[in-house]
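**Q** Structure in structure tokens, see below.
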Amino acid sequence: PRYLRKAFAVNGTVKRAMLYASALGIYRAYVNGKPVEDVYFTPSWTDYNKRVHYHAYDVTGMISSGQNACGAILADGWYSGYVGFGHRRDHYGKDIRYIAQLEVEYTNGRRDVIATDGSWKATVGPMLYSDFLQGESYDAQREMPGWSAAGFDDATWDPTDVTDRINAPLETAPHEHVRVFQEIRPVELKEPKPGQYVFNMGTNFAGVVRLKVRAPAGTKIVLRHAERLNPDGTIYTRNLRSAKATDTYVCAGNGVEIFQPRFTFHGFQYVELTGLPSRPTMDTV
């Protein structure tokens, strides 16, 4: 996934600020270091040759006088990730794209427009890969604190590759956002093999694991997801075929760390955890 950012100045009293955003891929938008909304998988899956959905966000309360910044994390999503059958990527295209327009309206009637163009900066970061079928990998040792906030030093970031025109028309999204609506805690924890821990979440659902751990820097924790168990208590994954449905997290070693995937989800009841140097607890996932 790409990390994108743009610094800008606000001179005056802000009356209203609106962010309009979309992507070939999926994105999470930020203003001044905070996500504009806690939603998942925007924009939704469409036939990208015919239409692409966009969303509007009221970010008035996130803009301040002086220096500001906006940013986004851009992932493959349905556009260029593994989706459907065929063991291949890039069903719609190879180059994921982000488009955004931040409109800042002042009390004196003046208006500034901060749009995606060649002045934005880009890099890659702690999110090593993310895919609906394969899962997500995150290395906390590569984190960039404040990357979407004002004052961050992006001198080593790259210029963005800008495309003049995308043929698919942008249309207002006709649906609600995808949101977390329930938290499920495990009901059972077993160790079918040494160092291989299996959590039973008690129900089959679509979602992600929130991992909470304390471990030395460089510790790699692997989470695998399954709907059933084998007779020996290990997870049954044959029905997943080529989908790995595996999330990995590399610890930074800074006390208690929390990881929750942003650009993938899984259908599962059981979670296999390996790589933790000590036995997990029921609060680990």
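**Q** Among the numbered criteria (1) in contact (Cβ under 8 Å) with a residue 60 or more places away in the chain; (2) under 22 Å from THR281 (Cβ atoms); (3) open to solvent by 20 Å² or more (accessible area, probe 1.4 Å); (4) under 25 Å from the mean Cα position of the chain (by Cα), which one does TYR249 miss?
**A** Result: TYR249 fails condition (3) only.
**Q** Let me ask another. Taking interchain pairs and intrachain pairs at least six residues apart, which have beta carbon atoms under 6 angstrom, with the first residue in the stretch 112-135 and open to solvent by 40 Å² or more (accessible area, probe 1.4 Å) and the second of a type outside the set (A, V, I, L, M, F, W, C) and in a strand (DSSP E or B)?
**A** That search, which allows pairs on different chains as well, returns VAL113/GLU103; LYS121/ARG5; LEU128/SER137; LEU128/ASP139; TYR129/SER137.
**Q** Determine whether LEU276 is more than 23 Å from THR42 (Cβ to Cβ), part of a strand (DSSP E or B) and either open to solvent by less than 80 Å² (accessible area, probe 1.4 Å) or at pLDDT below 95 (or both).
**A** For LEU276, the condition - more than 23 Å from THR42 (Cβ to Cβ), part of a strand (DSSP E or B) and either open to solvent by less than 80 Å² (accessible area, probe 1.4 Å) or at pLDDT below 95 (or both) - is not met.
**Q** Further question on the same structure: What number of residues in the stretch 55-91 are buried (at least 18 other Cβ atoms within 10 Å of the Cβ) and not hydrophobic (A, V, I, L, M, F, W, C)?
**A** Number of matching residues: 10.
**Q** Any residue in the stretch 36-56 that's farther than 21 Å from GLY71 by Cβ: show its pairings with residues that are acidic (Asp, Glu) at Cβ separation under 7 Å, as long as the two are six or more apart or on different chains.
**A** Sorted first by the residue in the stretch 36-56, then by its partner, the pairs are ARG51/GLU171.
**Q** Turning to a different aspect of this structure: Specify the residue that is farthest from PRO261 (Cα to Cα); the eligible residues are those in the stretch 227-245 that are in contact with a Phe, Trp or Tyr (Cβ under 7 Å, 6 or more places away or on another chain) and open to solvent by less than 60 Å² (accessible area, probe 1.4 Å).
**A** ASN230
**Q** Mind checking which residues of the stretch 22-45 are assigned to a strand (DSSP E or B), of a type in the set (Gly, Ala, Ser) and over 19 Å from THR123 (Cβ atoms)?
**A** SER22 - this is the single residue of the stretch 22-45 that is assigned to a strand (DSSP E or B), of a type in the set (Gly, Ala, Ser) and over 19 Å from THR123 (Cβ atoms).
**Q** What is the number of the single condition among (1) buried (at least 17 other Cβ atoms within 10 Å of the Cβ); (2) in contact with a Ser or Thr (Cβ under 9 Å, 6 or more places away or on another chain); (3) part of a loop (DSSP other than H, G, I, E, B) that TYR48 does not meet?
**A** Checking TYR48 against (1) buried (at least 17 other Cβ atoms within 10 Å of the Cβ); (2) in contact with a Ser or Thr (Cβ under 9 Å, 6 or more places away or on another chain); (3) part of a loop (DSSP other than H, G, I, E, B), the one that fails is (2).
**Q** Please go through (1) buried (at least 20 other Cβ atoms within 10 Å of the Cβ); (2) farther than 30 Å from ARG51 by Cβ for ASP154 and return the number of the only condition it doesn't satisfy.
**A** With respect to (1) buried (at least 20 other Cβ atoms within 10 Å of the Cβ); (2) farther than 30 Å from ARG51 by Cβ, ASP154 is out only on (1).
**Q** Can you pull out every residue in the stretch 93-137 that is of a type outside the set (A, V, I, L, M, F, W, C), farther than 19 Å from VAL36 by Cβ and not in a strand (DSSP E or B)?
**A** GLY93, LYS94, ASP95, THR107, ASN108, GLY109, ARG110, ASP117, GLY118, SER119, PRO126, GLN134
**Q** From PHE199, PHE181, grab the single residue that is surrounded by 13 or more Cβ atoms within 10 Å (Cβ to Cβ), hydrophobic (A, V, I, L, M, F, W, C) and under 25 Å from the mean Cα position of the chain (by Cα).
**A** Testing whether each residue is surrounded by 13 or more Cβ atoms within 10 Å (Cβ to Cβ), hydrophobic (A, V, I, L, M, F, W, C) and under 25 Å from the mean Cα position of the chain (by Cα) leaves just PHE199.
The values are calculated or read from the model by the stated rules, or taken from the named source; none is laboratory data. From a predicted model like this one, the values you see are computed outputs, not experimental measurements. FYI the Cβ positions are ideal-geometry reconstructions off the backbone, even for glycines, and counts take in every protein chain you see. Calculation scope for accessible area: heavy atoms of the full protein, side chains included, ligands and nucleic acids excluded. Shrake-Rupley method; radii C 1.70, N 1.55, O 1.52, S 1.80 Å.
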